[in-house]
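Quick notes on the structure that follows.
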Amino acid sequence: MRRALITGASGFVGSHLAERLATSGQWEVIGLSARPSPPSPFVAQHLVCDLLNADLVRKTLAHWRPDVIFHLAAVSYVPRSFQDPVGTIANNMIAQVHVLEAARTLQPPPIVVVVSSSDAYGLVYEDELPVRETQPFRPLSPYGVSKAGQDLLGLQYYLAYRLPVVRVRPFTHIGPGQSERFAISGFARQIAEAELGLAPPVLLVGDLEVERDLLDVRDVVRAYELLAEERFAGEVFNIASGRSWRLSDVVERLLALARVRIRVEQDPGRLRPVDVRVLRGDASALHAATGWRPEIPLERTLLDTLDYWRRTLRPTRSSD
């Protein structure tokens, strides 16, 4: 049995990854989070660990000696990065340096799966679609800058120390359990609130003309597991569907699942200072290496996300 250490284990992606690994019967999962978290049946040990504390990170890794580190922990909300660029970049970069420094002191060194993001690509021109791993970075947000930096740090530690780092660049992933701060999960929550009578039947939206390559989070964590192998050290992989969805089409599909009639209104507060119009990735390298393809259709992801909010919000109504 392999031991996996997941940073950000209680977060949206981390919790899905922990479930996938634990239920396979092939992994023991150690979870790290910045704050105390409720017990999870999928995490053997859940620890509070501030990744900005280098000594604590070193001692934690030395004690648990994982076979694989899935480094997911990061400040990941793009609008927040515009409000606090220094905090976003410092947190994401310094935390990863501490993880990599601690990992390279272990013998044998663990495989480190460094999670970058399609936001590192940033500005992409139409003739550059679909985006391949050779695409230059032109990040449009401080968050994108931080993920480009994390990506390059992973490469540097592989080149300088031969630390077995595998870099992944997932495109937009959604699904049950995601924070309502993110657009599609936020739309699903608003619809669930309207169904339960907790809010007016109005869906507040931002720019619906952007197009995104959308993935189910459960497909994404499956790719992470497949790539956690020594043979992929030093390589980088897009995780993408190869198809882009206009956000207005996604909203239409969500509204079709709603149990009440809802009207759509644009909220200027939900517009970003700058945004990529179309983003679509090429995951042919990942497919060639592992056979991975996305399996979960968008319709199921949207329904599962909406049902998650229906379940989550229902107790609120009954307690009023």
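The values are calculated or read from the model by the stated rules, or taken from the named source; none is laboratory data. Just so it is clear, the structure is predicted and the values come from calculations on it, not from any experiment. All Cβ positions, even for glycine, are placed from backbone atoms using ideal geometry, and neighbour counts span all protein chains on display.
Summary table
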{"read-out": "Options SER185, SER179: the member that is in contact with a helix residue (DSSP H, G or I) (Cβ under 7 Å, 6 or more places away or on another chain) and surrounded by fewer than 17 Cβ atoms within 10 Å (Cβ to Cβ)", "value": "SER179"}
{"read-out": "Qualifying residue in the range 148-159 (condition: among the polar types (S, T, N, Q), within 23 Å of VAL250 (Cβ to Cβ) and at pLDDT 95 or above)", "value": "no"}
{"read-out": "So ARG169, is it buried (at least 18 other Cβ atoms within 10 Å of the Cβ) and either out of contact with any His (no Cβ under 9 Å at 6 or more places or on another chain) or in a strand (DSSP E or B) (or both)", "value": "yes"}
{"read-out": "ILE89 in contact with a Ser or Thr (Cβ under 9 Å, 6 or more places away or on another chain), farther than 19 Å from LEU21 by Cβ and outside any loop (DSSP other than H, G, I, E, B)", "value": "yes"}
{"read-out": "Hits in the range 20-52 (condition: farther than 17 Å from HIS71 by Cβ and touching a residue at least 60 places away in the same chain (Cβ under 8 Å))", "value": "SER24"}
{"read-out": "Hits in the range 252-285 (condition: surrounded by 16 or more Cβ atoms within 10 Å (Cβ to Cβ), closer than 16 Å to GLU195 by Cβ and of a type in the set (Val, Ile, Thr))", "value": "ILE262"}
{"read-out": "Complete set of residues in the range 42-96 that are of a type in the set (Gly, Ala, Ser), modelled with pLDDT under 95 and crowded, with 18+ Cβ neighbours inside 10 Å", "value": "SER76, SER81"}
{"read-out": "Residues that are without any contact (Cβ under 8 Å) to a residue 12 or more places away in the chain and of a type in the set (Gly, Ala, Ser), drawn from the range 63-100", "value": "ALA90"}
